[in-house]
4 protein chains.
Amino acid sequence: MHRSKLLLVGGMLLGAAATAVYVNLPETNAMAQASAKPAEVISSKDISLDQAGAAVKAAVEKSKEINTKMDIAVVDAGGNLKAFVRMDGAWLGSIDIAQKKARTARYFDMNTGEIGKLSQPGGPLYNIEHSNGGLITFPGGVPIKAADGTIIGAIGVSGSTVENDHTVAAAGAAAIK
Amino acid sequence: MHRSKLLLVGGMLLGAAATAVYVNLPETNAMAQASAKPAEVISSKDISLDQAGAAVKAAVEKSKEINTKMDIAVVDAGGNLKAFVRMDGAWLGSIDIAQKKARTARYFDMNTGEIGKLSQPGGPLYNIEHSNGGLITFPGGVPIKAADGTIIGAIGVSGSTVENDHTVAAAGAAAIK
Amino acid sequence: MHRSKLLLVGGMLLGAAATAVYVNLPETNAMAQASAKPAEVISSKDISLDQAGAAVKAAVEKSKEINTKMDIAVVDAGGNLKAFVRMDGAWLGSIDIAQKKARTARYFDMNTGEIGKLSQPGGPLYNIEHSNGGLITFPGGVPIKAADGTIIGAIGVSGSTVENDHTVAAAGAAAIK
Amino acid sequence: MHRSKLLLVGGMLLGAAATAVYVNLPETNAMAQASAKPAEVISSKDISLDQAGAAVKAAVEKSKEINTKMDIAVVDAGGNLKAFVRMDGAWLGSIDIAQKKARTARYFDMNTGEIGKLSQPGGPLYNIEHSNGGLITFPGGVPIKAADGTIIGAIGVSGSTVENDHTVAAAGAAAIK
């Protein structure tokens with residue numbers, strides 16, 4: 001089935017709620033099932049520090065390979081900072097941007113550049129950057145996935161052109177499987 | 001079922017194999033050298049108050065020469081405020097803008113107006129201003145360099161047209177050699 | 001009529017005579033030397049990523065040795081984030097605290113716990129924590145020094161008791177020579 | 001007449017309104033007099049940059065005399081930054097504190113240390129530091145007065161003990177008459 005990019009975004013945002021019963025406060029459902037069995041917990045996956053370190057290491061290596069100096073941040077499944085490094089000589093202003101890119105990528109489970117396409121003037125997500133204490137919606141933020149496809153975090157890279165930033169972030173994310 | 005470009009990007013990121021190594025941050029380089037010698041410090045340069053004062057003085061003189069009233073801020077190599085003056089009658093709103101221009105110029109080691117060219121709608125750095133607690137990306141922020149070219153700080157000027165702001169900031173930065 | 005101590009203090013401040021001189025900032029010193037030589041730059045030192053990585057590694061090892069889970073942040077000489085790791089299972093709330101401890105230690109060039117002794121009710125620095133976007137003044141932040149004693153950054157650790165936090169931070173700082 | 005410190009503070013805060021008619025919205029009064037004469041403007045005084053420069057210069061000289069390194073800020077009658085300098089080697093954390101001290105002194109037209117006496121636990125202004133984006137209520141902030149006693153701004157100094165901070169701030173304020 002073809003779906004437009006715009007609808008896809010909407011669809012993805014609704015994905016988590018797709019199986020939820022309409023206007024049903026969670027405890028109501030749990031209460032109804034109380035005699036049968038307790039409400040079930042969510043089994044989740046999260047990035048480990050070893051994985052975050054591997055992503056950072058791969059990103060630093062890619063950065064050196066293409067002769068750039070980068071700020072590199074990794075957030076976990078909750079969008080919280082897990083690891084960060086600023087290479088010697090990398091921009092000070094990229095400390096915050098790298099973290100915001102990582103957070104933005106995890107907040108919406110897509111590459112930051114994809115959000116930027118939708119946040120232009122006239123676009124459906126115009127000025128979304130004002131939310132969440134400041135988002136960054138140009139390339140350089142990439143979700144990190146576990147082997148089964150579960151998103152377990154994200155990496156954000158800043159310090160060069162947005163193309164280079166994305167290349168380095170993608171290399172970092174690819175180090176995790 | 002077709003998978004969207006978005007999902008394909010995510011899939012491509014999972015292509016490469018990687019093995020996580022324990023606490024795999026870039027200090028591995030330092031660790032490898034540990035038995036030989038300790039990790040080396042960076043020898044750097046920073047703007048002195050005498051230099052910052054000379055930059056402010058040159059900026060004030062240029063501002064009077066072109067008949068403007070300016071707020072003038074100087075930050076050091078770390079982006080921290082070193083000196084500030086607001087000329088009599090200069091805009092109150094420029095207190096913050098002058099400081100943000102100085103910081104922005106140092107954060108990315110370029111004139112603020114250059115960043116502004118890239119942060120327009122459709123540009124690669126659209127809405128970068130939302131980062132770092134608020135950037136200013138129109139002209140008036142200029143890096144300050146030592147005689148050997150090392151960036152040791154930046155000056156930010158606000159209070160007139162952006163052309164005048166830049167002229168005054170450039171005059172301030174040029175006072176340092 | 002008695003004037004209160006408060007008003008007397010104000011009156012005393014008006015006792016000395018002074019004549020304002022045009023743009024009377026400290027660059028006058030630089031100005032006086034202008035014909036002889038330009039104002040001099042400060043030669044400084046800054047922490048390298050290799051050093052920051054070595055500090056993080058030593059802190060993680062100490063943390064495991066004493067059976068704790070820590071958030072560990074390193075800032076450079078300008079107080080800007082250089083490296084950060086959150087050990088698996090470490091408190092989310094310590095992400096910010098570790099960074100604030102590192103920044104606080106560098107902002108005042110002393111262990112954070114020393115500041116905390118002075119910021120208690122009735123103490124000389126009571127409520128200093130309201131400055132700088134939020135300081136942390138209990139133990140766990142320690143300056144990092146180069147071999148010659150120059151402060152080149154700081155490390156902040158949070159995740160356990162303040163005694164343990166300090167122990168781990170001190171181990172991290174001690175890894176740099 | 002003796003008045004307690006606490007009542008004095010209250011009295012000072014009410015001073016500006018002492019001659020105003022009780023519960024009388026300003027336009028009501030103006031409207032009643034409209035046929036006779038227009039409502040009168042307030043004649044005010046404000047610190048000039050020359051004066052701010054003189055205060056900074058005197059503060060720097062006093063700081064050197066007592067062998068300290070200070071951050072020095074001057075705000076105008078509106079509490080807005082007029083001038084700032086950070087002496088070489090002065091604490092980074094004092095950039096914000098010096099400005100907050102100056103602003104606090106002008107916001108309440110008294111030395112910051114006087115407010116600190118009232119903001120202790122159990123005191124009448126407990127936790128006033130939470131207001132106005134963060135106040136600093138220990139010594140080092142001093143109002144600046146014109147020759148006729150009008151408060152035209154304030155100076156805030158941070159970088160050493162609070163006693164030294166106050167000494168330097170007082171020297172700066174005394175340079176203005």
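No value in this document is a laboratory result; all are computed from the given coordinates. What you see is a predicted model, and the numbers here were worked out from it, not measured in a lab. Heads up, the Cβs are rebuilt from the backbone with ideal geometry, glycines too, and the neighbour counts pull from every protein chain shown.
What the table below lists for this structure:
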read-out	value
Distance between the stretch A:97-152 and the stretch B:45-67 - C-alpha centres, whole angstrom	41
Hits among lysines - C-alpha to C-alpha of C:Lys64 under 28 Å, sequence gap 8 or more where chains match	A:Lys45, A:Lys57, A:Lys82, A:Lys145, A:Lys177, B:Lys37, C:Lys82, C:Lys100, C:Lys101, C:Lys145, C:Lys177
Label point 7 Å beyond Cα along the C-beta direction, distances from B:Ala174 to other copies (nm, shortest first)	4.3, 4.7, 5.5
Proximal aspartates and glutamates to B:Lys62, defined as alpha-carbon separation beneath 18 angstrom and excluding residues fewer than eight positions away on the same chain	B:Asp71, B:Asp88, B:Glu163, B:Asp165, C:Glu27, D:Asp50
Volume per residue that the Cα convex hull of the stretch C:49-174 spans, once the total is divided by residue count, Å³	92
Minimum Cβ-to-axis distance in chain B for the rotation onto chain C, with residue, whole Å	B:Gly78, 1
Net charge, A:Ala77 excluded, C-beta distance under 13 Å - Lys, Arg +1, Asp, Glu -1	+2
Exam field: D:Thr161 pseudo-label spacings to other copies (7 Å along Cα-Cβ), nanometres	3.3, 5.6, 5.9
Percent RCO, i.e. relative contact order, over the stretch C:49-174, from Cα pairs under 8 Å lying at least 6 residues apart	31
